[in-house]
Structures are given as structure tokens and as C-alpha cells.
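Right, one structure below, let's go through it.
The values are calculated or read from the model by the stated rules, or taken from the named source; none is laboratory data. Just so we're clear, the structure is a prediction, and the values are computed from it rather than from any experiment. All Cβ positions, glycine included, derive from the backbone under ideal geometry; neighbour counts span all protein chains shown. Note: areas computed on protein heavy atoms with side chains; ligands, DNA, RNA excluded. Shrake-Rupley method; radii C 1.70, N 1.55, O 1.52, S 1.80 Å.
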Amino acid sequence: MSIAKQYAEYATSLRFEDLPDEVVAHAKKLILDIMANDIGGYAWMESGPKIVEGVRRLNRGNGGATVLATGEAMAPEWATLANGAMAHSLDYDNHHAKGVIHAGSSVVNCAIAAGEENGSNGKDLITAVVIGYEIACRLAMALGPHSSHEMGFHPTGTCATFAGSAIIGRLRGASPAVIVNAMGLNGSQAAGSMQYVVNGAWNKRAHPGLATHQSFIATTLADAGFIGAAEVFEGKQGFLQGYALRPKPEEATKTLGKSYETLENAIKPFPLCRYNHQTLDLLIALGKERDIDTSAISSIVIDMPTYGVQLCGSPIEAKRNPTSSVDAQFSGPFAAALALTEKQADMGTFSEVLDRGLSDEFRRLMSVTDVRQADDLDAIHPQFWPGRVTLDVGGEKVERYGKHMRGEMERPMSMEEVQDKFVDLSPKHDDATRKAVFDVVADLENRNVSDLVAPFKK
């Protein structure tokens, strides 16, 4: 049986009652986390209002689903584009380490839009969200760790296109054959060029929304009788061969239905690149452990896996001198200076530091920071996302190492911590609105998708 057929059978047969309690509980946290990012991407990033305005013009007044940040109604395919783009704009959305993918911005927003379109209940929504995570994360693992990135593709922008078709098909009550044909068409839609790294372009932010916007097109065409490509994943000219240097096709279905990659999606406690999280976590903890006079720090060495160095440590002079919020998110030296000077790194703190301008001491700390590749970290990455920081403080060597990032299964964030993140990312929403959302999420299996979006509607 082809991979697409296995995915389609899984998408149409999984029942809410099949889901372990811990999967349901974590799915609720993932849903709330993405909703927070939907709002935060609009509230905190200059790109947010401009992207929504562009989508508004394309939508031409159609309704059916809700743009959470503004409360306005758009057609589901346009609402998922707007919400998905908002959710990934901060690089604060949950992350699957083994697949190196931010699946949630696509998966959750697609499920909410399709759920609202079809009058789905909370059990339907949770099940569809799990289906989406299971497919998107397994596809990312099947591409092979970083081998798609090395070809210039962003798995966040490619894999969720297929997962979206499974979600929409499930919530529309489509047959497995319709989902297979939709995925066959997805093979001609999946995109996600990483050329955005050259100038900090907004392409990356839009990838999740563009992915599942295409899913709505593909599923609708397939339902009308469109015939999609066969063996879209494993074929000689299929997705895995075309988008990866070292594909691992067996990873696409090896444990499907037997384990839950949904549980492996980590909720991010900091609004910076995931590779900077060990640095932030270790140095914030160090600052709470002992009172360090930052002026006594003469050097900071951050050890990361190879790909982390490429994203957050090279070229080092550019990383020591960030000129935008995106530069700061992907700068190891900035992360170190932020943790040491502020002793916290929530969205409010990150934004405030940039708004007031970097102090001389902040810039000095960045100037003495180096980011280096470490073989021992590469040896266990990406199964783990380890990091190490070594400081020279007045001649004393201070070293800290972390293997499990905060937010991962081994160090999970509580629902209360996710709610705090929601509050941080929703400065223009009042406490009553937030409480209404929290109450629905907590009891989602007994509520409807319409209840979930109601607090945001105009």
C-alpha cells in the first residue's frame, strides 16, 4: 500500500476514543499555543497587519472561518493562510525536534478553519489536529534530518501541505480515495524555498499558511473528481526524492498508529530560534543561581550542533551585530546577552530590549561571544537538541550543559505556563476574553469549534 493510501486510511479511521489521555492533554496545549502565536504574530510583528491586509483583499468579503487576531470572517482557505502566517511570524510556535519542523502553525490553523467550516465538535478537532501532526512530523522525518534544508527547502512549508489535505478530508467526511488524490496534487503544490535567509524576508513566516491554503484547493478539487499523481511520496520523481538528499521513506509510516509524534512537539518558552533556547535557559538559570556581574565576563563560548551554528553563529560578526528583530531571533550572541542582562526572555522583554536600543554592555557581551560546533552535540542531534555555554567570569571558568530543552517531553510546559504565554502574546485582549478561551480549551472534548473561536469574533 502506498504511503498516501496509508495516510488516507489513518486519517479516515482514527477515532477520538483511540487517543491516549496524554495525547489529548498535549494536543490541547498545542492548540492553545498556536492560537497564542496567531494573535502574537499580528500584535508584535510589523509583517502581521500587512499580511492580513493582503489576504483580506484576496478574500473579497467571503466568510466561513475566523481570523483570530482580528476577529473577521474569511473563507476557510484564506483564514488558514492568514492565521498560519501569523502563527509562524514570531518563530515561537511549537516544534518537532526529530523532524526539524514547525508543524503546528499549519496543522492547528487548518483544523480550526476546516472545523469551523464544517460545524465540527471538539473531539473532531482534537482528532484532526493529531492526524495532522502525525503525518506532517513523519513526513519531515522521512526527508532525513536536515537533508531537505540542505537542498534549500523548509519542511515547515512543504510537509504540512499533505497533512492539511488529510485534516480537511477528515473534517469534511471525504473518502480515503479523495484524500489520496488530494495528496497527489499536493506534490505539485508543496513549496518552501529557504532563500529568505539572504535578507530576512517574510517568506518563511508565510510558509505554514501557504501550505494549508493549498490543501484546501487540493482537497476541493479532489472531491470534484480531480486525479492526483500516484505514489506521490515514494515515486522516482516523488516528494521524498525531489525534496531531500538523504530520504528515509520508512520513517513516513513505520510507527503510524502505534505511537504518537504529537507528544514529541515541544512548546517553545522563548521567542527566539530553537537553537538559542539552551543558551537562554542555561544562562537565565545561572543568573538565578548566582549574582553575576556581567562586566566581569571576558568571554562567552556557545557550543551548538552544526546546523545551529549555521543559523545562529555564522558569520559571527553579523550575529554579533543584529540589525532587526529577525536577526536577533537567530543570533547566539544576542541570546546570551539577553539572558545575562535581563534574566528572562519572554516576548515583552525581547521586544522592549529592541525598542529601547541595545546598551553598551549588551553590545559588549555580544562582542565577546563565540558560537562553535561541537562533535559531541552533533552525535545526539536531532534526536536531542543539546547545548553548552562556557563563561570566563573574572578568570573563573563557568560551564553549563543541557541535553533536554524546556518544552520537550522530558521537561514539558504546564497548561498554566502555556496560558501565561498566551497572555504575553495577546496584549490587546482583555482578561475576560482570555479566560473564555482557556475555559473552552480545558473542556474542548465537550465543546464545539464555534465555541473556541467565539471569543475572538467581531
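Worth pointing out:
- Our helix-only sum for the chain, with -39,500 (n - 2.57) per DSSP H run of n ≥ 4 divided by its residues, gives a mean residue ellipticity at 222 nm of -16000 deg cm²/dmol.
- Highest-first packing order for the peptide set 416-426, 103-113 is 103-113, 416-426, based on the mean count of other beta carbon atoms within 10 Å.
- The C-alpha atoms of the chain define a longest principal axis, and helix 21-44 lies at about 70 degrees to it.
- The spacing between the stretch 248-302 and the stretch 343-383, judged by their C-alpha centroids, is 12 Å.
- Global form of the stretch 249-334, assessed from the alpha-carbon gyration tensor, a/c cut-off 1.5: prolate
- One decimal place: the segment Ile316-Arg363 gains 15.6 nm when fully extended, by the rule 0.36 nm per residue minus the C-alpha distance.
- Averaged over residues, the count of other Cβ atoms within 10 Å places the peptides 431-439, 61-69, 13-21 in the sequence 61-69, 431-439, 13-21, highest first.
- Simple Cβ-charge dipole of the stretch 42-164, Lys/Arg +1 and Asp/Glu -1, about Cα centre, in debye nearest 20: 100
- Neighbourhood net charge (13 Å Cβ-Cβ; Lys/Arg +1, Asp/Glu -1) for Thr294: -2
- Using a probe radius of 1.4 angstrom, the carbon and sulfur fraction of the accessible surface of the chain is 48%.
- Within the shell of other residues whose beta carbon sits under 11 angstrom from the beta carbon of His404, the net charge comes to 0, with Lys and Arg scored +1 and Asp and Glu -1.
- Degrees, to the nearest 10: 47-59 long Cα axis against longest axis of the chain: 10
- Selection from Gly402, Met415, Gly387, by position along the positive dipole direction of the stretch 371-415 (Cβ): Met415
- Dipole axis of the stretch 200-286 (+1 Lys, Arg; -1 Asp, Glu on Cβ), positive-most option in Leu283, His213, Trp202: Leu283
- Accessible area, probe 1.4 Å, largest first, for residues Val198, Val440: Val198, Val440
- Aspartates and glutamates with Cα under 17 Å of Lys50, excluding same-chain neighbours fewer than 8 positions away: Asp38, Glu72
- If you sort the three axes of the alpha carbon gyration tensor as a ≥ b ≥ c, you get a/c of 1.5 or more for the stretch 121-234 and a/b above b/c, which makes it prolate.
- Accessible area per residue in Å² at 1.4 Å probe, computed on the stretch 193-307: 44
- Relative contact order of the stretch 5-140, taken over Cα pairs closer than 8 Å and 6 or more residues apart, is 28 percent.
- Dipole of the chain, positive direction: furthest Cα of Ile179, Ile227, Tyr133, with charges on the beta-carbon: Ile227
- Dipole magnitude of the stretch 207-284 about its Cα centre (Cβ charges: Lys, Arg +1; Asp, Glu -1), debye to nearest 20: 180
- 14 Å Cα-Cα reach of Lys319 towards aspartates and glutamates, excluding residues that sit fewer than 8 places from it in its own chain: Asp327, Asp370
- Cα gyration tensor shape of the stretch 38-149, rounded if a/c is under 1.5, else prolate or oblate by comparing a/b with b/c: oblate
- Centroid-to-centroid, using Cα positions, the stretch 389-458 and the stretch 31-109 are 17 Å apart.
- Matching label, Cα Rg over 2.2 N^0.38 Å computed from the structure shown, candidates [x] 0.95; [y] 1.55; [z] 0.99: [x]
- For the chain, a crude dipole built from +1 on the beta carbon of Lys and Arg and -1 on the beta carbon of Asp and Glu, taken about the Cα centre, is about 900 debye to the nearest 20.
- What the stretch 92-149 shows is 12 Å² of accessible area per residue, with the surface traced by a 1.4 Å probe over protein heavy atoms.
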